[in-house]
1. Within region B:80-95, identify whether any single residue is buried (at least 18 other Cβ atoms within 10 Å of the Cβ) and closer than 24 Å to B:M175 by Cα, and answer yes or no.
2. Within region A:139-149, is there a residue that is aliphatic (A, V, I, L, M) and either in contact with a Cys (Cβ under 8 Å, 6 or more places away or on another chain) or under 15 Å from A:V405 (Cα atoms) (or both)?
3. Within the set of pairs 6+ apart or on separate chains, which have a first residue in region B:26-40 that is more than 11 Å from B:D148 (Cα to Cα), a second that is β-branched (V, I, T), and C-beta atoms under 7 Å apart?
4. Scan A:T173, A:T219 and give me the residue that is within 14 Å of chain B (Cβ to nearest Cβ) and under 30 Å from A:N2 (Cβ atoms).
5. So how many residues does region B:44-58 have that are among the aliphatic types (A, V, I, L, M), within 16 Å of the ligand (Cβ to nearest atom) and over 30 Å from A:N79 (Cα atoms)?
6. With the requirement that a residue be more than 8 Å from the chain's Cα centre (by Cα) and either among the small types (G, A, S) or assigned to a loop (DSSP other than H, G, I, E, B) (or both), what does region A:175-195 give you?
Amino acid sequence: MNSLTAHELHQLLLNKKVSSVEITEAVFKQIEKNEDKVKAYVSLTKEKALKNAEEADKRIRSGENIPPLCGIPIAIKDNMCTKGTRTTCSSKILNNYLPPYDATIVKKLDDLLAVPTGKTNLDEFAMGSSTENSGYFTTKNPWDLKTVPGGSSGGSAAATAADECILALGSDTGGSIRQPASFCGVVGLKPTYGLVSRYGLIAFASSLDQIGPITKDVTDAALLLNAIAGYDQKDSTSVNRPVPNYQNSLVNSADKLRIGLISDLMGKGIDEDVKKAIKTAARVFESMGAIVEEVSMPTFEYAVPTYYIIAPAEASSNLARFDGVKFGHRSKEAPDLINMYYNTRKEGFGSEVKRRIMIGTYVLSAGYYDAFYLKALKARTLIKQDFEKAFKRFDILISPTAPSVAFKIGEKANDPLSMYLSDIATIPVNLAGLPAISLPCGFSKGLPIGLQIIGDAFAEEKTLQAAFAYEQHTDWHKKRPKL
Amino acid sequence: MTNWETIIGLEIHAQLLTESKMFCSCSTKFGAKPNTNICPVCTGQPGVLPVTNKKAIALAIKTAIILNCKIEKTSIFARKNYFYPDLPKDFQISQYELPLAVNGFIDIEVEGVKKRIGITRVHLEEDAGKLVHKGSARIMGAGESLVDYNRTGTPLMEIVTEPDIRSSLEAKVFMETLQHLLQFIGVCDAKMEEGSLRCDANISIRPEGANKFGTKTEVKNMNSFRAVAKALEAEEKRHKEVLQEGGKIIQETRFFDDIAETTIGMRSKESAHDYRYFPEPDLVPIEPEHAWIEEIKKTIVELPTKKAERFEKDFELSKADAEFLTSTPAIADFFENCAKHYSKPKIAANWIMGDLAAYLNANNLTIDKIDFSPLKLAEMLGLIDKGTISGKIAKIVLAEILKTGKNVQDIIKDLGLTQISDESEINNIIDEIINNNPKQVAEFKSGKDPVIMFLVGQVMKASKGRVKPDMAQELLRRALS
Ligand SMILES: [Zn+2]
């Protein structure tokens with residue numbers, strides 16, 4: 001039962017074939033069985049889950065209008081604030097942090113009586129591509145426990161793939177939803193910047209962060225997006241525009257769809273198996289009547305360096321507040337203020353976080369600001385313009401989500417540069433603030449490959465439709481890992 | 001001996017009179033229990049986001065308009081990064097590049113001479129919290145330090161002047177003028193002693209006629225107009241002494257010691273502080289629409305200087321009187337309304353500046369906080385003119401109105417204060433006075449005419465001032481002839 005999708009379970013709930021409490025218990029049974037191997041969760045919230053499940057069952061019995069996610073178990077990445085429930089960002093510095101408020105999306109899901117299973121593991125403060133940077137433990141890829149699940153939303157992707165939840169929320173700053181979705185063989189959607197409220201998402205890089213769904217299929221992604229999208233007056237960067245019903249975009253047609261295959265992401269550094277799978281996917285689209293042409297995005301080669309200036313710059317400032325004064329860890333070695341700061345942050349942050357804080361501090365410093373930060377902003381504009389040009393010719397763009405399938409745990413841990421390059425296909429999308437979805441499109445050495453579909457700003461409907469049509473013509477999404 | 005020219009520029013922080021904070025909905029009320037006006041946003045909890053207070057922008061725009069500034073079509077917030085426990089996010093949201101408004105001026109008058117001081121910029125930012133240290137005046141060395149975040153996030157407006165100020169007196173007058181303007185348009189209560197108006201100064205000196213600026217120092221901790229004058233005087237003197245002895249001024253921040261009346265250098269690397277400003281990614285640019293600015297313009301009252309000039313001309317008042325009556329919009333409105341209902345503005349002005357002002361001062365009140373209307377004053381003054389009450393009685397009436405808030409007529413009736421105009425009633429009093437003062441009566445009759453005034457005084461006293469003095473004299477003379 002816990003291997004079903006949310007839309008399948010919704011039908012069973014409506015038909016009273018199953019109760020939310022039963023689904024929830026099945027999910028927790030699966031967690032008990034597999035969590036030792038997968039290690040997807042930092043904290044479990046079974047009590048709250050069962051409480052919501054009972055409430056949901058009551059609502060379903062009363063026959064009120066039942067929203068699709070009512071009574072459905074959902075895992076939440078541990079960088080989204082949950083009132084009174086430990087929220088750690090997988091960092092030791094927030095080991096004991098109990099937020100005094102709910103993130104907007106947490107509140108929205110609670111209002112729908114979705115069932116929160118727990119808080120999932122991530123690379124500390126969402127900085128990483130493998131969850132190896134978690135301050136607590138590394139999550140394992142359910143397809144092969146010796147490989148990484150991707151990151152930073154590795155816990156959410158692994159939990160979804162391992163049926164330890166029905167669906168999950170991730171956050172994506174440079175690929176943190178799509179890359180783990182790709183590695184774990186599930187669907188991951190990063191919405192347009194401003195579509196989903198960031199209030200309560202512990203910021204990594206404010207101008208890039210966006211919350212989005214990680215699900216077992218495209219339909220669930222649309223349902224979860226419906227639940228979380230929309231203007232929030234608590235987030236000044238959220239966009240005040242009407243939100244369509246994304247379920248309506250689940251139409252099985254790609255006829256005359258103009259698709260650009262990004263040639264810059266099909267060359268050097270991309271695995272042959274991955275390229276093959278993407279080319280095959282392109283042919284699937286053509287078989288549906290779509291027109292696929294290659295498109296070059298010359299500015300993409302600057303995307304990774306641009307990202308590794310802007311994101312750390314914002315992070316260095318966002319993470320300043322973890323200083324031992326108000327919340328979280330405070331060093332016992334605090335003879336005076338300065339040493340309290342030094343020791344708290346030395347003990348609380350992991351090495352990748354420290355590396356990025358240092359990079360960020362450096363690029364914003366007097367004398368370097370123009371050479372690095374300002375230049376990166378200009379490069380960001382050029383990347384946006386490349387996309388604008390491309391979307392004059394194409395409805396959607398496609399590429400691999402990641403250059404390879406999931407890599408071995410420890411393989412890149414001591415090589416940050418090669419780790420950074422694993423986000424080469426996803427980072428440009430964040431820099432341009434666009435929506436993109438990753439969905440399973442094949443296997444290499446028994447590990448899933450992800451197809452990335454990129455849409456124009458606020459063109460989630462087109463993006464979802466293309467993904468849905470592809471999914472209807474393939475059955476990659478039905479493959480499940482054997483644990 | 002070199003003649004030196006002093007160059008001063010000011011950096012002013014004014015707390016804006018908004019109900020709620022700059023980026024959250026917490027109250028800005030002063031004096032609440034520590035850490036009661038706080039929320040996740042203003043305590044910098046992980047994951048929170050700021051939302052700009054539109055009222056604060058409106059007040060800053062209002063200020064920018066009266067400071068003759070150009071309001072920028074697009075201005076942005078920036079983060080000023082530094083670690084300190086009174087700053088929960090460890091960055092302050094401020095404005096750096098692209099401030100709200102630029103290029104304005106204020107005209108001041110120093111010892112009868114008018115002078116224009118340029119305004120470089122007006123921008124918005126948030127205030128920090130308050131630290132209380134135990135065991136030391138500063139955080140270093142304190143046994144423990146407590147922080148109160150009630151003030152954190154209070155909207156602040158920063159006003160920066162051009163280096164156009166040439167003396168400590170000019171600086172003081174500038175601050176007084178600015179305070180008056182800010183209070184007048186109601187954007188800030190502007191009390192330096194309470195910290196709602198703060199001022200730092202950059203000061204340097206150069207030989208007269210030189211066109212290059214000397215090395216400047218920054219003077220902080222000036223908590224009154226007097227302190228502004230004293231601190232800059234002291235710092236100016238110090239610069240002269242150092243330079244005349246062939247020494248060098250070091251660019252540094254110096255604190256004013258109010259008691260010793262000197263400035264003290266801080267061994268801080270303040271000038272080397274790198275705040276790593278960058279655009280605040282959590283906020284969208286401020287882009288005030290033309291129509292909104294026009295709407296704000298309409299809320300601006302006539303400014304004090306203009307109003308004073310008009311009062312001088314229209315009501316034939318002295319400059320000093322006009323300035324007094326325009327010291328706050330409330331007093332000006334009170335006077336103008338009274339003058340609408342009473343035809344002798346000078347007399348109305350005298351009452352406002354005299355008895356009424358004395359009452360307000362003594363009770364630490366302002367004219368808009370009392371139950372007394374310009375109409376009541378006009379009515380009372382009319383009754384004096386009609387002879388219903390004397391000027392002296394009017395003082396009693398006014399005091400009673402201010403005390404009780406009652407009507408003029410009721411008070412006069414209740415206290416039996418109407419003037420006695422019935423001759424026979426007055427003659428009864430006169431008869432009594434004549435009987436009781438045989439000596440003075442005899443003196444008068446023997447030709448000592450001025451003694452009549454003594455007898456008039458006795459009548460006045462006996463009637464509790466309810467007889468018109470000239471009428472008393474006339475009837476006395478008649479009775480004694
Ligand atoms: Zn607040």
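The values are calculated or read from the model by the stated rules, or taken from the named source; none is laboratory data. Being a predicted model, the structure only gives us computed values, none of them experimental. Every residue, glycine as well, gets a Cβ built from its backbone with ideal geometry; the counts of neighbours run over all protein chains shown.
1. Looking for residues that are buried (at least 18 other Cβ atoms within 10 Å of the Cβ) and closer than 24 Å to B:M175 by Cα, one finds at least one in region B:80-95, hence yes.
2. Yes: one or more hits.
3. B:C26/B:I38; B:T28/B:T18; B:T28/B:T154; B:P40/B:V48
4. A:T173 is the lone residue from the list that is within 14 Å of chain B (Cβ to nearest Cβ) and under 30 Å from A:N2 (Cβ atoms).
5. 1
6. A:S182, A:G185, A:V186, A:P191, A:T192, A:Y193, A:G194, A:L195 - these are the residues of region A:175-195 that are more than 8 Å from the chain's Cα centre (by Cα) and either among the small types (G, A, S) or assigned to a loop (DSSP other than H, G, I, E, B) (or both).
Here is a yes/no grid of residues against (1) hydroxyl-bearing (S, T, Y); (2) over 26 Å from B:V132 (Cβ atoms); (3) within 16 Å of the ligand (Cβ to nearest atom); (4) not in a loop (DSSP other than H, G, I, E, B):
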{"position": "B:I8", "(1), (2), (3), (4)": "no, yes, no, yes"}
{"position": "B:H13", "(1), (2), (3), (4)": "no, no, no, yes"}
{"position": "B:C42", "(1), (2), (3), (4)": "no, no, yes, no"}
{"position": "B:A60", "(1), (2), (3), (4)": "no, yes, no, yes"}
{"position": "B:G104", "(1), (2), (3), (4)": "no, yes, no, yes"}
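For every residue, the table says whether it meets (1) surrounded by 20 or more Cβ atoms within 10 Å (Cβ to Cβ); (2) outside the structural domain of B:Q183 (by TED's automatic domain parsing); (3) aromatic (F, W, Y); (4) more than 34 Å from the chain's Cα centre (by Cα).
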position	(1), (2), (3), (4)
B:F372	no, yes, yes, no
B:L377	yes, yes, no, no
B:K386	no, yes, no, yes
B:I433	yes, yes, no, yes
B:K439	no, yes, no, yes
B:L455	yes, yes, no, yes
B:R466	yes, yes, no, yes
B:L475	no, yes, no, yes
